[in-house]
1. Does at least one position in the stretch 292-300 carry a residue that is within 28 Å of Gly37 (Cα to Cα), touching a helix residue (DSSP H, G or I) at 6+ places or on another chain (Cβ under 8 Å) and among the basic types (Lys, Arg)?
2. Could we say that Glu263 is away from the ligand (no atom under 13 Å from the Cβ), surrounded by fewer than 19 Cβ atoms within 10 Å (Cβ to Cβ), touching a residue at least 12 places away in the same chain (Cβ under 8 Å) and of a type in the set (D, E, K, R) here?
3. Would you check if there is a residue in the stretch 422-436 being touching a Pro at 6+ places or on another chain (Cβ under 8 Å), in a loop (DSSP other than H, G, I, E, B) and closer than 20 Å to Thr338 by Cα?
4. Give all pairs with beta carbons closer than 8 Å in which a residue from the stretch 291-315 that is free of Cβ contacts under 8 Å to residues at least 12 places away in the same chain meets a residue that is aromatic (Phe, Trp, Tyr); count only pairs at least 6 apart in sequence or on separate chains.
5. Against the condition within 16 Å of the ligand (Cβ to nearest atom) and outside any loop (DSSP other than H, G, I, E, B), how does Phe194 come out, does it pass?
6. List every residue pair whose Cβ atoms sit under 9 Å apart, with the two residues 6 or more apart in sequence or on different chains, where the first one lies in the stretch 242-260 and is part of a loop (DSSP other than H, G, I, E, B) and the second, anywhere, is acidic (Asp, Glu).
7. Restricting attention to strands (runs of 3 or more DSSP E) lying wholly within the stretch 305-351, give those where 3 or more residues are closer than 30 Å to His285 by Cα.
8. Can you say whether Ala319 is more than 22 Å from Ser438 (Cβ to Cβ) and small (Gly, Ala, Ser), as far as the supplied structure shows?
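The values are calculated or read from the model by the stated rules, or taken from the named source; none is laboratory data. Computed from a predicted structure; not experimentally measured. Positions of Cβ are generated from backbone atoms using ideal geometry, with glycine treated the same way; all protein chains shown enter the neighbour counts.
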Amino acid sequence: MAQSPVMDKLVSLCKRRGFVFQSSEIYGGLGSVWDYGPLGVELKRNVKDRWWHAMVRAREDIEGLDAAILMHPKVWEASGHVAGFSDPLVDCKTCKARFRADQIADAACPQKPSKHPGEHSTCSLTEPRMFNLMFKTVMGPVEESGSVVYLRPETAQGIYVNYLNVLQSSRQRIPFGIAQIGKAFRNEITPGNFIFRTREFEQMEMQFFVKPGDDAEWFERWRGLRMAWHQELGLNPDKLRWHPHVESELAHYARAAYDIEYEFPFGWSEIEGIHNRGDFDLTNHQTVSGKKLEYFDQASNTRYLPNVVETSAGADRIALTLLVDAFREEQVEGETRTVLGFHPSIAPIKAAVLPLVNKDAMPEMATGLFNDIRKKFACFYDDGGAIGRRYRRMDEVGTPFCVTVDGQTADDRTVTVRHRDSMAQDRIGIDAVAAYLSERLT
Ligand code: ATP
């Protein structure tokens, strides 16, 4: 399906400026798999760092974990993924395209004029059949059924099977949580919208273990905290909303679920899910593994299986949300200025250092300043081309500050600091630059 003009511009900017490249491009690309370039990797790392800080470092009741991607195949039987992690797939025998049966109303038939699948007289859709989204591979040298393992479709299960290990080694007590960032893989039928729906992606998930009966209250608390986190990224609050799952939408494990949605150019879509999973997962792992997973509550001298409230966000989807939210074009002195107006904490480059011209000791002073501030912030040195063009290049990748060393610097040791959004300039002492940036970036 054709993308919106904004998405087309963003995809092209991302490639040109080194945010995101198509995987294996020189071989024609691999469907819905993407690589992050120098600026993209910084952007995504900033997202993950902010999440890790808010969820693990700033809290005493959440521990971190990094479980392996490959897990015992029984994990996926217990979790319900082998039996139920499927989408209904429909093929068109005429054009060979594939659609999700539950998304036909939003899909476009590749034939012209543009219509939904099934609406052309020549369309010939098959009956829906269930298609499991898990990628399979084999472990060990012999390819036989007993050696089949899966690439995890979510990070959550690594947390459930480790919950007692973490509990015992960290001396936490319920209520407490375990957080993890890691890759997940889904053989999506209709991936697309750039890095919104991909087959390999990164999740940032937290499972919070609570006493049965306390789950509804913790679910509400986590809803509030997670929405606030997205707002603090600087996202336009009018473009964020809740989507509550009605009974028919609820996943097999969920008692209640709300999605946080963002209004993308292609419509409102989920960026994070908050789920009340009850004791579904621990009960099933206890049954299938045969190992007791109960928690002993010393205060009440009772044993129980905790309930779980999950917050599950995609790092790639949030990176896309930040790119879309930040992208703007404006007219400045008869020219189009493209800006990524990132919140400074998210911007891949925090400050650029620019000698006005490459003479009169300006490069030496600029290099000295650059070497000083790069110890603290992700910085960029640019001495190529007219200063206006260099400012525009930095605007386009969302750099909040440009520090320019000019003819006056040698006389009074001052530089200009140009602000990306207002384009206003301050003149400050060269020795004060680090403190000036610190104040505004942290
Ligand atoms: P969707 O309805 O969009 O397929 P989902 O409900 O299956 O998503 P969850 O299983 O709740 O998603 O996953 C939690 C989060 O992981 C999502 O909110 C999203 O940010 C991210 N995510 C899920 N699938 C993908 C994907 N294919 N590509 C990128 N991110 C994904």
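1. no
2. Values: away from the ligand (no atom under 13 Å from the Cβ): yes; surrounded by fewer than 19 Cβ atoms within 10 Å (Cβ to Cβ): yes; touching a residue at least 12 places away in the same chain (Cβ under 8 Å): yes; of a type in the set (D, E, K, R): yes.
Here the answer is yes, as Glu263 does meet what is asked.
3. no
4. That search, which allows pairs on different chains as well, returns Glu294/Tyr304; Thr302/Phe296; Arg303/Tyr295; Arg303/Phe296.
5. Answer is no for this residue.
6. Cβ pairs passing all conditions: His245/Asp259; Tyr253/Asp281; Tyr253/Glu310; Ala254/Glu310; Arg255/Asp215.
7. Working: elements: 307-314, 327-332, 335-340.
Of the strands (runs of 3 or more DSSP E) lying wholly inside the stretch 305-351, those with at least 3 residues that are closer than 30 Å to His285 by Cα span 307-314.
8. Yes, satisfied.
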